Amino acid sequence: MADRFEECVTALLNGEVICHVSAPELFRFLDSDTSFNLGKTTTAEVVDEYLSKIGRGLAKTQDSQGYYCVYKNIDDNDKQKMAKERFTVVANQFDGLVNFLRLERGCKADPRPICCGDNVKLSDLLSAIENSETMQKQLTDIANSFGVGMTASKLQNTLNSVLKYLVKEKYLIQIGNVGSIYKATAKWSLLYDELEYIHSFDGFEIEKAQDDDDKGFQMELF
């Protein structure tokens with residue numbers, strides 16, 4: 001139990017989004033009833049109390065699919081700088097991520113954006129893209145946004161480069177060793193929360209996975 005607690009806290013402090021796809025054992029650990037005799041009802045509450053001692057806290061995405069670490073407040077320059085840096089990362093990836101969401105949605109009958117636990121199949125994407133010049137251009141634009149696959153001569157190689165980038169950034173987890181099926185993580189859930197927050201301040205349009213009455217998330221991102 002102590003080892004799992006340490007592993008969980010370390011992952012959170014390293015900026016990981018813990019979900020049932022990316023880290024199923026840690027997600028179950030956080031979701032479980034506590035065996036700590038500290039008057040808390042869930043392990044998540046115990047972890048949150050521990051993190052609070054160092055000015056952090058445990059947060060959950062709006063869809064309850066992922067746990068991540070936040071600052072309790074950002075009342076000093078260093079914390080504000082780190083929060084801004086996090087949003088800078090999101091802003092730099094924004095075009096590529098949103099365009100990938102649009103591309104992936106256009107390749108399937110389901111209009112719902114990617115959610116944690118969804119399967120993303122290379123064969124399904126490739127089949128749709130090969131039959132659409134518009135999608136081929138979308139894929140090229142996405143690859144350019146991510147800075148990958150720009151020298152690839154084949155669509156499949158470009159698509160593979162994009163998917164590998166999303167695996168590296170932990171938006172997807174590769175299933176098996178073949179690299180043909182991927183599973184979406186709760187990092188998408190956090191992205192939707194972040195974009196909703198940015199939208200509330202900057203006023204640009206985003207495509208949300210949540211209902212209109214969902215609340216925005218807090219700024220105090222790790």
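Observations
- Of the residues making up the range 81-94, at least one is among the β-branched types (Val, Ile, Thr), open to solvent by less than 30 Å² (accessible area, probe 1.4 Å), under 15 Å from TYR192 (Cα atoms) and at pLDDT below 95.
Table: residues versus (1) among the basic types (Lys, Arg); (2) assigned to a helix (DSSP H, G or I); (3) surrounded by fewer than 21 Cβ atoms within 10 Å (Cβ to Cβ).
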{"site": "ASP124", "(1), (2), (3)": "no, yes, yes"}
{"site": "ALA128", "(1), (2), (3)": "no, yes, yes"}
{"site": "ILE142", "(1), (2), (3)": "no, yes, no"}
{"site": "SER145", "(1), (2), (3)": "no, yes, yes"}
{"site": "SER161", "(1), (2), (3)": "no, yes, yes"}
{"site": "ASN177", "(1), (2), (3)": "no, no, yes"}
{"site": "TRP188", "(1), (2), (3)": "no, yes, no"}
{"site": "TYR192", "(1), (2), (3)": "no, yes, no"}
{"site": "HIS199", "(1), (2), (3)": "no, yes, yes"}
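- Any hit, the range 108-121, residues being part of a helix (DSSP H, G or I) and either within 18 Å of LYS170 (Cβ to Cβ) or at pLDDT below 95 (or both): no
- Just one residue in the set VAL46, VAL21 is within 24 Å of SER189 (Cα to Cα), at pLDDT 95 or above and either within 18 Å of the chain's Cα centre (by Cα) or open to solvent by less than 30 Å² (accessible area, probe 1.4 Å) (or both); that residue is VAL21.
- Filter result for TYR182 (open to solvent by less than 50 Å² (accessible area, probe 1.4 Å), under 30 Å from GLY55 (Cα atoms) and not polar (S, T, N, Q)): no
- Of everything listed in (1) open to solvent by 60 Å² or more (accessible area, probe 1.4 Å); (2) farther than 16 Å from LEU101 by Cβ, the single unmet condition for ASN119 is (2).
The values are calculated or read from the model by the stated rules, or taken from the named source; none is laboratory data. All values reported here derive from a predicted model rather than from experimental measurement. FYI the Cβ positions are ideal-geometry reconstructions off the backbone, even for glycines, and counts take in every protein chain you see. Keep in mind that these areas ignore ligands, DNA and RNA; they rest on the heavy atoms of the full protein, side chains included. Shrake-Rupley method; radii C 1.70, N 1.55, O 1.52, S 1.80 Å.
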